1. Tell me which residues come under 5 Å, amide H to amide H, from residue 157 once H is placed; ignore anything under 5 positions away on its chain.
2. Accessible area, 1.4 Å probe, largest first: how do 346, 592 sort?
3. Beyond a 27 Å Cα-Cα separation, which of these cross-linked pairs lie in this structure: 437/462; 346/437; 392/437; 516/573; 99/346; 395/518?
4. Sort 585, 189 by heavy-atom solvent-accessible area, probe 1.4 angstrom, most to least.
5. With a 1.4 Å probe and all protein chains in place, put 380, 195 in order of accessible area, largest first.
6. Given the whole protein assembly as supplied and a 1.4 Å probe, what does the accessible area of residue 224 come to in Å², nearest 10?
7. If you add up the charges near residue 597, with Lys and Arg at +1 and Asp and Glu at -1, over every other residue whose beta carbon is less than 9 angstrom from its beta carbon, what do you get?
8. Where does the charge balance sit around residue 580 when Lys and Arg score +1, Asp and Glu -1, over other residues with C-beta under 14 Å from its C-beta?
Amino acid sequence: MRRRTTATLAAGLLGSLLLVMTASPAQAGPDAPAKPAGSSALTVARAEPAGVLRAVAPEEPDLQPSGNPDKKGKSGKKVKPYTPNEFDRQALPPPVERKPELPATTRLDKPPAGFPRPWPPTSGPEGEEIPGTGDSARSSAVPETSIVGYFDGITFEPGQIRLRGWALDELAPTKAIQVVARKNSAESYWGWANTYRPDVGNGDYHGFDFTIPLPAARGEHTVCVQAYASYTYANLGCLRYDTRPFGHVEQYLHTVATPNGTFSVFRGWLIDPYTADPARLDVTVDGLPRVTMAASAPHPGVAQSFPAFGSGHGFEAWIQHISGDGNHTVCVYGSSADVSQLIDCKDHDESHTPHGYLDEVSWQGENVLVRGWAIDWDTTNAVSVSIRAGGKPVKTVLANVDRPDIGARYPQYGPRHGFETTIPAVPDGQEVTVTVKNVSTGVDATWTGRYDGSAGPCRCVKESFEEGSFDNSVYSPANGRITSDPVQRVAGNHSVYGESPQTQEWSELLRSDPAKLKLAPRTTYTVTFRYRLLQVHEQTSPYFRARSTAGGSSQDVGVTFWPEPADGDVRSKSVTFTTNDFGDYYMIWGLKFGGAMVVDDIVLSGPVQRS
């Protein structure tokens, strides 16, 4: 910590904290410092195919059920609102309960270009003169001296933001510093850095906690905080934030069959930061407006995360399926003062073609494992899956294996839509094609994978964490934990789940134990594992690496990053790496800049010694 002991520092211990706030164009700010800003970015999941289409939703709470909506909905005009009745709601699963995240902020390391140089005020709240703040003080003010502090962050309240942080003058550590905030270098807001902050010390009363009005214009704005003590000042931080509506689509139900028709349903929450009243929700289909409704349903999570706004900010939008083929996009927007903010979009496939994913084509002993899942939107029954290898048919199976992740994602169809089987292998490897038989209208779906003949058969160490603990495992949890939650599992009864905040650049989820799983020096290994991404932020990226305890990070090998959307799909990944001249390498799975991930079914191939 730097200090200056000139005569100008000793004079006039009364200081002030200056905040400057202005609108700025959307642009990427400098990287945030290591100190957390206390906020997380919203996640926009990858759009998934679904049948659609007519946007219908309750416009007012007291509307009576209207039956099927007006058939003129495809014209681009807003359709007649639909209010689900008690029979419709019997087809709905329970809502997903998640704690709403704070809206995103970006921490800057200095004020943006164009911010005026701030000066300490020359008079107090009642017009009284503040000693030592005249023209001579302005001309001789120097930065980065005896003032220390930090701008912790902001929270939204109706029509205003609350700023929190701390500041003190080291030359007068027991005195509270007077604070002043200026918006657009004009309006001033006064206070004191005198709230209780036991983490700061020096008398424990050096925090600031006050509100300022939101700017009139909806959009991105920047707020900067500086602290003053007579002839000196210090920058405490800058945050860029957005005053447009914010929210999240928490649950998307592909098909809800009711006596009044078949629907897709969006559930979530939405807040207009300028008011505690319900925000306006707009739904578009292929860019055309379909329905406008108020996000006014009770949402306990919103009341917990944003108590100043209350609980009435949830929504449940019903989209009726229409017969006809084609792909469509349904988007949810929050609107305020004619400014719209995209909350989420979903792609809807109305071709009735089966949907699914070929998760894995890999060696399993002397054979090749083929694993994935498939659903035909026209039936809840298991569909037929035909497998060809090298262009020749080898096997036909039913997609009826239990997949808890699919059941959680498409609760109307249930979990039994997985397929998992082995086929004979050839030494050189070959292409494997999976064809899902279409049930009604539409066409068959085909996916292709390939296995490498050089990868097997081999000596392998497998781990699926089915014991439910790490006691007998060659892996240790790092920041992860074993979960049995069906929403979080990859397969089986247990998987390893981990999460970290957006502000944490590196977070280890899982690692191998070098005392139990010994990797030889100068040796090539291949590790294959299955995973699911459940949450991401703007910069989130899963990563893998192998590290030597003795060699440290400079000897890392197999370093791999793979940014992907948090769509919840189960995927498989393989990484090949060669160790250097150390015999204590261990493998690491983790998350960069936050998110949530599940890992399972790890297979390590190569000359491994397990103790």
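1. Here 162 satisfy the definition.
2. Largest to smallest exposure gives the sequence 592, 346.
3. Flagged as over cut-off: 437/462; 395/518.
4. The most accessible residue leads, giving 189, 585.
5. 380, 195
6. Taking all protein chains as shown, residue 224 has close to 10 Å².
7. 0
8. Net charge around residue 580: 0.
The values are calculated or read from the model by the stated rules, or taken from the named source; none is laboratory data. Everything numeric here is computed off the predicted structure, so don't read it as measured data. Here Cβ is always computed from backbone atoms with ideal geometry, including for glycine, and neighbour counts include all displayed protein chains. What goes into the accessible areas is simple: the full protein's heavy atoms, side chains included, and nothing from ligands, DNA or RNA. Shrake-Rupley method; radii C 1.70, N 1.55, O 1.52, S 1.80 Å.
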